[in-house]
Amino acid sequence: MSIWVVIAVVVFPFLAGAGPALAVTVLTAAGYHIHRSCRVLLSRTAATVPRPGGQGGDPAYRIYALRQIWRDWAALDRASRPVVVARAGAVRDWVGQRWRERPQVYFLFPLWLGVETGVVLGMVVLAFALAVSFAAYALVAGVALLVWLPCVLVLRGLDLAFTAVHRVLQVCQNADCYERLTLPEYACPSCGERHRRLRPNGDGAFRHVCVCGARLPTTILLGRYRLAGYCPGCGRPLSPRTGRARAEPLPFVGGPDAGKTTFMTLAIAALHAAVEANGGRASFVTRQDGLAFTRHRDEMRQGRVSKTPTPLPTAMTLDVSLPTGSRRGNRIMYLFDPSGEHYTGAAAVEAMGYLTHGERMVLVVDPFALPLVRGGLTTAERDMLTAAGVSFSSEDPADTFQRVRNELASRPGGGGQRRVAVVVSKADLLVRTGVGRGAGPGDGEVSGWLRTMGMGNMVRELSSTAGETRYLASGLPSDAVAVARLVDLPLAIPDELPEGRPVTADPRRPWRVSPRRDGLVPVGYVAARRAVLAVSILLPCALAAIAISALMSG
């Protein structure tokens, strides 16, 4: 009989207080936590997302799983945990206050104890639920990182492989810079913000999301070259397709009045004609280069060429695209034509940093600057040359060559060039002199004539240090086929070429962007937040179902 009294007076009131208190505490707190989770994770505004680009970083959003997911967890924890604890404490305080105010209900002590116990157990259950919710965040972050990291490694590997296979070289063509680049800066087509680390990294594997919401490609294969590139050193624009095609610096070396500008103009026209004959395209990438070429060509037709300005030059850039099947011939040719005065002093030669980057060089030899040639001219020949506008330079081509060789030898790699083209300029006038009649058009004839004219050391040094040396005697009118073969692109050069007329064009398709409205987070953040919300709700429910099933089966 006493047992039933204990059950009726103690156990039943205790359970009557603990059960509802536990249920109310758990359901109320869980409901509030889910409500706050929805407020935080279903939001598309950037209120809790710091604006990217601070502390020297790129103006791009980091991937959600690296940092923002924990910011969202912290925001949810700050919003829900204090409220849940405060409300549970308020229930306990209310029950205790009622107990103290009405001591005549001491016989309901088991009920009060049950309420207290239910609240405490509810807090324990909620603590476990919060731990499970945190585990849901960690699970989503872990899965996202496990997907992100292999993508980053594979994309970087493909980028490196493309660079190696196509021997892609990236250099700045701008005056007073000439830096070799690992990665250019890229400007967002929408807002113009510069991205210095646009590659697969913590800002994204396939795309980086700019602060304006534009999605930018991270590798060359994905279309990064279609963005406007800038040199990270000098900040000036780079040529289109930088990184997509090999940049090939081609310096024209020669003393004052050697004819470098004339031969460069002839080479551009011949190259354009040869590329078009093979179904490709050769075009200038800036309007200024196209205008300069047209001006030089018109001056040549009028029998005069203006002197090259003395400041170090920005390269004249020619974008060469060959048809399918000859992709390794695609290149961006940087043609450097500095004033001849830059080759008359060692310090000036040292400032021409582009000499280090190239594998080719065109050495333009002014035959009338050779002492033996000048000494062998008759008075009538000198008068003929003066009437033709020839200036007799005092700079010996042998000295020019030696300064360049010394400078290249002092730089990394020793300055060994894969191909060197030696061009004897003004050949149309040279063959009209007695001393120049042996300078024929062929390699052996030109090199043999140079040996007899005191350039034997240069010929021998080039044969031992350069991978391949070609010789050409060039004059006006020029032999376009011989000039095109001298440039030596992987082309089939026909026996006849029309006059080349390069145009100015940007060969890239523009990168289309769709920036989002101000104040909204990236779409990737929205999708990731919804995934976190789903997992953080389903995971505790699944664990609760498993626990209830285990209890019922037990």
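The values are calculated or read from the model by the stated rules, or taken from the named source; none is laboratory data. These figures come from a predicted structure and were not determined experimentally. Using ideal geometry, Cβ is built from the backbone for each residue, glycine included, and neighbour counts are taken over all protein chains shown. Quick note on the areas: whole protein, heavy atoms, side chains included, nothing else; ligands and nucleic acids left out. Shrake-Rupley method; radii C 1.70, N 1.55, O 1.52, S 1.80 Å.
Descriptive notes on the structure:
Yes/no matrix, rows are residues, columns are (1) modelled with pLDDT of 85 or more; (2) within 37 Å of the chain's Cα centre (by Cα); (3) in a helix (DSSP H, G or I):
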position: G57; (1), (2), (3): no, yes, no
position: W70; (1), (2), (3): yes, yes, yes
position: P82; (1), (2), (3): no, no, yes
position: V115; (1), (2), (3): no, no, yes
position: L121; (1), (2), (3): no, no, yes
position: V125; (1), (2), (3): no, no, yes
position: L155; (1), (2), (3): yes, yes, yes
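- Residues satisfying the stated conditions in segment 392-410, i.e. surrounded by fewer than 13 Cβ atoms within 10 Å (Cβ to Cβ) and in a loop (DSSP other than H, G, I, E, B): S394, S410
- Unique residue being assigned to a helix (DSSP H, G or I) and polar (S, T, N, Q) when the list is S514, S536: S536
- Residue within segment 275-287 that is open to solvent by 30 Å² or more (accessible area, probe 1.4 Å), of a type in the set (K, R) and under 24 Å from A480 (Cβ atoms) present: yes
- Close pairs from segment 470-482: first touching a residue at least 60 places away in the same chain (Cβ under 8 Å), partner open to solvent by 50 Å² or more (accessible area, probe 1.4 Å), Cβ under 6 Å, at least 6 apart: L476/D428
- Long-range neighbours under 8 Å by Cβ, at least six apart or interchain, first residue over 19 Å from Q68 (Cα atoms) and open to solvent by 40 Å² or more (accessible area, probe 1.4 Å) within segment 140-161, second among the hydrophobic types (A, V, I, L, M, F, W, C) and not in a helix (DSSP H, G or I): L158/L221
- Search result, residues across segment 363-378 that are in a helix (DSSP H, G or I), open to solvent by 20 Å² or more (accessible area, probe 1.4 Å) and either touching a Pro at 6+ places or on another chain (Cβ under 8 Å) or not hydrophobic (A, V, I, L, M, F, W, C) (or both): P371, R374, G375, G376
- Between G255, G213, G192, the distinction of being free of Cβ contacts under 8 Å to residues at least 12 places away in the same chain, outside any helix (DSSP H, G or I) and more than 12 Å from the chain's Cα centre (by Cα) belongs to G192 only.
- Being modelled with pLDDT under 80 and buried (at least 16 other Cβ atoms within 10 Å of the Cβ) is a property that does not hold for T317.
- Of all the listed residues (L183, L198, L169, L222), the sole one being in contact with a Phe, Trp or Tyr (Cβ under 6 Å, 6 or more places away or on another chain) and in a loop (DSSP other than H, G, I, E, B) is L198.
- Applying the criterion of being farther than 20 Å from A505 by Cα and β-branched (V, I, T) to the residues of segment 221-267, the residue that is most open to solvent (accessible area, probe 1.4 Å) is T262.
- S306 being out of contact with any Gly (no Cβ under 7 Å at 6 or more places or on another chain), assigned to a loop (DSSP other than H, G, I, E, B), surrounded by 20 or more Cβ atoms within 10 Å (Cβ to Cβ) and of a type in the set (S, T, Y): no
- Looking across segment 487-514 at every residue that is among the hydrophobic types (A, V, I, L, M, F, W, C) and farther than 25 Å from E468 by Cβ, the one that is surrounded by the most Cβ atoms within 10 Å (Cβ to Cβ) is identified as W511.
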